[in-house]
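The values are calculated or read from the model by the stated rules, or taken from the named source; none is laboratory data. Given the structure is predicted, the values throughout are model-derived calculations rather than measurements. Here Cβ is always computed from backbone atoms with ideal geometry, including for glycine, and neighbour counts include all displayed protein chains. Keep in mind that these areas ignore ligands, DNA and RNA; they rest on the heavy atoms of the full protein, side chains included. Shrake-Rupley method; radii C 1.70, N 1.55, O 1.52, S 1.80 Å.
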Amino acid sequence: MTGIGTSLASVVSAQDEVATVTEVAEVSDAGGDADLGVGYALDNAVLFLCAVLVLFMQAGFAMVEVGMNSAKNTVNILSKNVMDLSVGALLFFAVGFGLMYPTSYMSEADAEGVSKVFAFGGTGIYTTDDAARTFSPQTDWFFQAVFAATAATIVSGAVAGRMKFTSYLVYSAILTGLVYPISGYWKWGGGWINEMGFQDFAGSAVVHAVGGFAGLAGALFLGPRLGRYTPDGRSVPLPGHNVAFSALGVFILWVGWYGFNPGSQLAFQGTGDIDAVALIAVNTTLAAAAGAFIATFVGWGLFGKPDLTMSLNGALGGLVGITACCDAFTNSMSIVVGGIAGVLVVLAIVALDRLKIDDPVGAFPVHGVCGVWGCMAMGIFPNTHFEGMFEGFVTQSIGTLAICGWSFVTMSVVFGVLKAIGMLRVTPAEEHAGLDISEHGMHAYPSDAIHSGSAA
């Protein structure tokens with residue numbers, strides 16, 4: 001199997017030891033539905049559970065972002081995370097799924113002539129009565145929808161504390177309904193970079209770099225938070241209000257990643273598939289551990305103290321980096337990939353600060369930089385897809401550049417238009433008061449309202 005790059009509707013398990021279970025399709029006496037056997041039920045059940053784990057990552061993103069930002073923006077951050085999932089699910093149902101997997105809605109003959117750059121299969125969820133199918137279309141959609149929501153949520157941290165809620169809803173709708181599905185089709189839907197041989201097993205570029213580069217565009221057009229830099233250009237740290245929330249969020253994300261990466265194997269009933277799932281899970285663990293460890297010591301060397309936030313972002317960077325290649329590297333090489341991601345996270349955070357680009361949670365260093373690294377690692381080191389050093393370098397470079405460029409350019413247009421019409425950023429007075437009260441009319445913590453005099 002090659003990850004979710006192959007449309008779930010067309011993936012068929014080939015293990016001999018389960019063939020007698022999965023190849024038999026009997027018609028039930030009661031309803032006329034095909035009984036595809038225990039193997040079909042197992043694959044769908046495990047993929048459903050993996051999708052739930054990925055959905056749970058929304059809680060992790062929310063806690064990381066809340067903890068690394070001011071308490072006065074907590075309600076706004078949580079509201080954005082709720083809307084990312086809600087708006088994303090509805091739009092991915094309406095148009096996104098049809099854009100990302102158009103051939104699932106078509107006959108085999110019609111699918112042969114479809115464009116490899118842009119195509120639309122239809123609205124809603126496709127239907128099929130193919131007795132050879134591996135997944136229910138409903139399970140297929142659910143697993144893909146939570147990936148789309150993940151891509152959207154990444155941006156929330158990069159634009160925290162100064163973006164209007166209405167403009168964020170516009171961004172979220174465009175990214176989940178159009179931007180992410182179109183570039184996702186290029187790889188996972190069988191589009192042009194997939195035909196080139198581009199590899200991205202579970203979405204270092206397709207999911208994470210899309211969100212990371214969209215977040216970079218948002219941060220550039222918004223500008224830094226008030227007080228983040230002095231008039232003479234000196235950096236002024238604005239620490240988050242609860243690092244415990246952030247640590248909890250990272251642990252939640254780490255657990256959720258076992259749905260993200262192992263789930264992308266898309267088959268769980270055969271010996272070869274379950275061995276691959278175990279390898280992917282161990283590689284994911286080792287890369288995250290290496291990222292956290294290396295980022296801790298790089299930050300320690302640069303700043304004189306072990307910075308917990310660098311450790312947390314290092315773990316996330318390792319997870320993002322290994323996502324593209326968790327199926328293709330050995331355990332030892334996964335440590336190398338995660339460790340390099342840990343270095344890149346810290347250096348990218350420092351670079352953004354020197355460039356005066358305000359990214360409150362490190363969304364671009366973690367998801368953008370390490371997303372690119374994960375895909376490029378496949379084109380640098382030998383692996384099961386490219387056997388020689390630098391064998392797939394050009395292919396991986398083209399695919400990664402296409403996906404990142406698509407996200408950055410399209411979202412720059414969106415943020416640029418919103419800024420031009422005055423919809424992008426809140427006023428200085430609203431930002432000073434906090435987006436919780438100025439955008440939502442409430443406080444996250446009762447003591448905030450008491451101290452501000454808005455409650456008796």
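Quick notes on this one:
- Among the residues listed as T296, T309, T323, the single one being out of contact with any Gly (no Cβ under 7 Å at 6 or more places or on another chain) and either farther than 16 Å from S204 by Cβ or at pLDDT 95 or above (or both): T309
- Scanning the range 68-104 for residues that are farther than 23 Å from F56 by Cα, of a type in the set (S, T, Y) and in a helix (DSSP H, G or I) yields T103, S104.
- T296 closer than 17 Å to A348 by Cα, in a helix (DSSP H, G or I) and not hydrophobic (A, V, I, L, M, F, W, C): yes
- Counting only residues that are farther than 18 Å from L169 by Cα, among the aliphatic types (A, V, I, L, M) and surrounded by fewer than 23 Cβ atoms within 10 Å (Cβ to Cβ), the range 58-82 holds 2 of them.
- Filter result (in a loop (DSSP other than H, G, I, E, B) and open to solvent by 60 Å² or more (accessible area, probe 1.4 Å)) within the range 424-440: T427
- Flag for G405 being under 30 Å from G189 (Cα atoms) and touching a Pro at 6+ places or on another chain (Cβ under 8 Å): no
- Cross-chain or 6+ apart pairs with Cβ under 9 Å, the range 232-243 first and assigned to a loop (DSSP other than H, G, I, E, B), then surrounded by fewer than 14 Cβ atoms within 10 Å (Cβ to Cβ) and of a type in the set (S, T, Y): V236/T230
- Residues (of a type in the set (G, A, S), crowded, with 24+ Cβ neighbours inside 10 Å and part of a loop (DSSP other than H, G, I, E, B)) located in the range 168-190: G189
- Cβ-Cβ under 6 Å pairs, at least 6 apart or on other chains, the range 209-223 side closer than 12 Å to D359 by Cα and without any contact (Cβ under 8 Å) to a residue 40 or more places away in the chain, far side of a type in the set (D, E, K, R) and in a helix (DSSP H, G or I): none
- Test: residue in the range 249-265 that is open to solvent by 10 Å² or more (accessible area, probe 1.4 Å), of a type in the set (A, V, I, L, M) and part of a helix (DSSP H, G or I): yes
- Some residue of the range 332-341 being at pLDDT 95 or above and over 30 Å from G272 (Cβ atoms): no
- Condition broken by D200, with the remaining ones in (1) among the acidic types (D, E); (2) open to solvent by 10 Å² or more (accessible area, probe 1.4 Å); (3) in contact with a Cys (Cβ under 7 Å, 6 or more places away or on another chain) satisfied: (2)
- Inclusion of I280 among residues that are part of a helix (DSSP H, G or I) and within 18 Å of the chain's Cα centre (by Cα) is warranted.
- Under the condition of being within 18 Å of T309 (Cα to Cα) and outside any helix (DSSP H, G or I), the residues counted in the range 358-384 number 5.
- Some residue of the range 376-386 being more than 24 Å from G211 (Cα to Cα) and polar (S, T, N, Q): yes
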